[in-house]
Amino acid sequence: MIIEGKKVVVTGAAGFIGSHLVDKLLEMKCEVVGIDNLSSGKEEFLRSAKRKKRFKFIKYDLLEDEGLEEYMDGASIVFHLAANPDVRIGESNSSVHLEQNVIATYVVLEAMRAMGVPTMVFTSTSTVYGEADKVPTPENYGPLVPISLYGGSKLAAEAMISSYAHTFDMRAVLYRFANVVGPRSTHGVIHDFVEKLKKNPDELEILGAEPGTRKSYVHIEDTIEGIIHGTHVAQERVEIYNIGSEDLIDVKTIADIVSEEMGLKPKYRWTGGVDGGRGWKGDVKLMHLDIQKLMSRGWKPKMRSADAVKATVRSIIGKK
């Protein structure tokens, strides 16, 4: 599928992943319409993009505003990244992920259908797999039994996208991400650790039980390259790819890396966690995606999990 030079729409354009994707698409000479309500995204992430004539930013709420079809006119691809990224919020607010992840996706699909936009690229998550029996977990693993409302909402969105693709003669590429980290990240364990150690360099509170969950971490640069490459080589009407690193890392090791990069030796205080040591309700204890499908088609992550974590810490604290 050709991306270069096309008109594309990016929802969630001011977010962590969305803003990096916008930068890459502009490098590829695309005409980019960026849409974001700025609830979690930051307009400053689009500072470079706004200097380009081929970029147009629209502050728009998918759940509240009208006229989305106007911005879809002439587009070849919609990169749908708009979502609530906070996995933990589901326990305290059960409607957030339904509204911002499922209903918002329906709104985008309806606008695409009305304007004849043929392709959606969707950013999903490893949490759709739940606690998989097979690790590393391939794209054809099933049944999918999410254990968080976030994972459930993303799986529901995937199902809706697939049904639209088959019903209305569209195409879709779905990406299930491991933990994506890097510059412009605004939440997650690395960000939390850095902020906690800034406030108290002598002690670090860690959610869960030692050594914590074990998961794959992938750097934003590898993620964006994976999205672009996978979209180029997609073959099926609905193509699904995992994007992650070739290994995994536990929370204690992440704490060690953050502490070392900040030049600190704090005492670790584990909270004990919930449900057998999880950091929070719905936190998957072991996650490692099988990325052989996309690798077999020519993409390969440059960083391993520890490298991605270290690079992210350095970007947050301004260390070269």
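Which one of 102, 135, 117 is in contact (Cβ under 8 Å) with a residue 24 or more places away in the chain and not in a loop (DSSP other than H, G, I, E, B)? Don't jump to the end; show me each part of the working.
On the way: 135 fails: not in a loop (DSSP other than H, G, I, E, B); 117 fails: not in a loop (DSSP other than H, G, I, E, B).
On inspection, the qualifying residue turns out to be 102.
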Q. On the given criteria, is residue 208 buried (at least 17 other Cβ atoms within 10 Å of the Cβ) and farther than 25 Å from residue 40 by Cα?
A. yes
Q: Please list, ordered by first then second residue, the pairs with beta carbon atoms under 6 Å, 6 or more apart or interchain, first in segment 170-188 and under 22 Å from residue 136 (Cβ atoms) and modelled with pLDDT of 95 or more, second of a type in the set (Asp, Glu) and not in a strand (DSSP E or B).
A: 174/158
Q: Could you grab me the full set of residues in segment 36-74 that are among the aliphatic types (A, V, I, L, M), in a loop (DSSP other than H, G, I, E, B) and under 19 Å from residue 186 (Cβ atoms)?
A: 38
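Quick check on segment 1-17: of everything there that is surrounded by fewer than 18 Cβ atoms within 10 Å (Cβ to Cβ) and not aliphatic (A, V, I, L, M), which residue is farthest from residue 74 (Cα to Cα)?
To start, the set of residues in segment 1-17 that are surrounded by fewer than 18 Cβ atoms within 10 Å (Cβ to Cβ) comprises 1-2, 4-5, 7.
Cutting the leftovers down to not aliphatic (A, V, I, L, M) gives us 4-5, 7.
Numbers: 4: 15, 5: 13, 7: 7 Å.
If we take residues in segment 1-17 being surrounded by fewer than 18 Cβ atoms within 10 Å (Cβ to Cβ) and not aliphatic (A, V, I, L, M), then 4 is farthest from residue 74 (Cα to Cα).
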Q. Any idea which residue in segment 18-35 is nearest to the chain's Cα centre (by Cα), counting only those that are surrounded by fewer than 24 Cβ atoms within 10 Å (Cβ to Cβ) and under 25 Å from residue 186 (Cα atoms)?
A. 20
Q.
Being crowded, with 19+ Cβ neighbours inside 10 Å, modelled with pLDDT under 95 and not assigned by TED's automatic domain parsing to the domain that holds residue 148: is that true of residue 272 here?
A. no
Q. Is it the case that segment 61-81 has a residue that's within 22 Å of the chain's Cα centre (by Cα) and more than 26 Å from residue 230 (Cβ to Cβ)?
A. yes
Q: Might you let me know whether segment 1-11 holds any residue that is part of a loop (DSSP other than H, G, I, E, B), closer than 29 Å to residue 237 by Cα and out of contact with any strand residue (DSSP E or B) (no Cβ under 9 Å at 6 or more places or on another chain)?
A: yes
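The values are calculated or read from the model by the stated rules, or taken from the named source; none is laboratory data. Values in this document were obtained by computation on a predicted structure and should not be read as measured data. Glycine also receives a Cβ, built like all others from the backbone with ideal geometry; neighbour counts cover every protein chain displayed.
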